[in-house]
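Visitor: Below is one structure. I have some questions about it.
Just so it is clear, none of the values below were taken in a lab; they were calculated from the coordinates. In this text, all values refer to a predicted model and were calculated from it rather than measured experimentally. Every residue, glycine as well, gets a Cβ built from its backbone with ideal geometry; the counts of neighbours run over all protein chains shown.
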Amino acid sequence: MKTDPASVVQRLIPHRTPAQEQATAYAPSNIALSKYWGKRDEALKLPLTGSLSVSLGALGTHMKIQAAEEDHFALYGKPQTPDSPAYKRLFAFIDLFRDPMTCLHIESHNTIPMGAGLASSASAFAAAVLALNELYGWALDLQSLSILARLGSGSACRSIAHGFMEWLPGEQEDGLDSFAIPLTLDWPEFRIGILTLSETEKAIGSGEGMLRTLQTSTLYKSWPDQVARDLPRIREAVQNRDLVQLGETAEQNALSMHATMISAWPPLLYWQPKSIQVLHKIHALRSQGLSVYATMDAGPNVKLLFNRDQQQDLTAHFPALTIIDPFAGAGDVLNHE
Ligand code: PMV
């Protein structure tokens, strides 16, 4: 019989405990440098390849969970109705863990600017798992927490800790060998720049987009080879703090992922004219000697990768750039509050 999310939870948390009064947690968002695109198991969100990301430090999700008389979910202080997609997705996940008689009051605050085109689902599901771990006193290790976060959203398994995280794809059918591990090193000069080019919701979410690419793009067949080449190069670049190797590989990896998306049917063309303008501008700045590289996810916004010494020049060229220092205030591996 195929393993389902409930039996993974049962395996990792065999003894259920009553809920404490309340728990809070924070998890950072993350951006992949070598991307995850395509699943080998839809229900367990098991990836076809590994991926490697960097967390966004202070940009993420704060979540508070309290035992209550009835279920309630507020996002940025605004109550969400039970038929809203955010409510349904969160409680479907929470239901994997709670005794059906317990009601919970959940408050979630993202420090990610609304409409910045940054996925908040990764940090939200990671924060939910960290808060539940406190609420029920499971005392789970990083590996188990990462597996559980993955059941909410694949990339959430990389948001369970700060810094560079590598998601090992695993081979097992139950996915107990598919989790993210921290690359325990920092890179204080490393910066991420976010350029918000469009605030509209993406038309096709990553889950549906991946499936469509897998089913309809012939180019997708080359994607595992691309990752097999890029991921070790990115890991090595991080270890050597080599921005050129990291930037060149990450940019090519992101554009290769987009090539598979564009060749899907119906096509997944996430780029807007402004995205292409920014890519051209980055290429022009590179030819003038600036060390700056681009990465993009399932949306039109472009993220810049560079070192601190380029910050002033880049702000002059991109006045709207939001600059993130992934290692500022990211001391603890498990940033419980
Ligand atoms: O975890 P999901 O379903 O949000 O997928 C994330 C997909 C990308 O952001 C495009 C790539 C990645 O590795 O984060």
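Visitor: Quick check: the angle from helix 206-216's long axis to the longest principal axis of the chain, C-alpha only, nearest 10 degrees?
Guide: Approximately 70 degrees, to the nearest 10.
Visitor: Grab the Cα-Cα distance for Gln239 and Ala203, subtract it from 0.36 nm times how many residues apart they are, and report the gain in nm with one decimal.
Guide: Separation in residues times 0.36 nm, less the Cα-Cα distance, equals 9.3 nm.
Visitor: Given Cβ point charges of +1 (Lys, Arg) and -1 (Asp, Glu) and nothing else, what value in debye, to the nearest 20, does the dipole of the chain about its Cα centre take?
Guide: Taking the Cα centre of the chain as origin, the dipole is about 860 debye.
Visitor: Calculate the FRET efficiency for Ser222 and Glu173 from the Cβ-Cβ distance with a Förster distance of 22 Å, rounded to the nearest 0.05.
Guide: Calculated value: 0.30.
Visitor: For segment 190-333, how many pairs of lysine residues have a Cα-Cα distance under 20 Å, where the two are 8 or more positions apart or belong to different chains?
Guide: 4
Visitor: Against the longest alpha carbon principal axis of the chain, how many degrees, from 0 to 90 and to the nearest 10, is the axis of helix 223-239 turned?
Guide: That works out to roughly 90 degrees.
Visitor: When the Cα centres of segment 14-71 and segment 209-253 are compared, how far apart do they sit, in Å?
Guide: Centre-to-centre (Cα) distance: 23 Å.
Visitor: Assuming 0.36 nm per residue, please report the length gained on full extension of the stretch Ala320 to Leu142 beyond their Cα-Cα distance.
Guide: 60.5 nm
Visitor: What distance in nm lies between label points placed 7 Å from Cα along the C-beta direction at Ala284 and Asp313?
Guide: According to this spin-label approximation, the distance is 1.5 nm.
Visitor: Same structure, new question: For Lys88 and Glu42, calculate 0.36 nm times their separation in residues minus their Cα-Cα distance, and state this gained length in nm to one decimal.
Guide: That pair, Lys88 and Glu42, stretches by 14.8 nm at full extension.
Visitor: Please state the relative contact order of segment 5-182 as a whole percent: Cα pairs under 8 Å, 6+ residues apart?
Guide: 29
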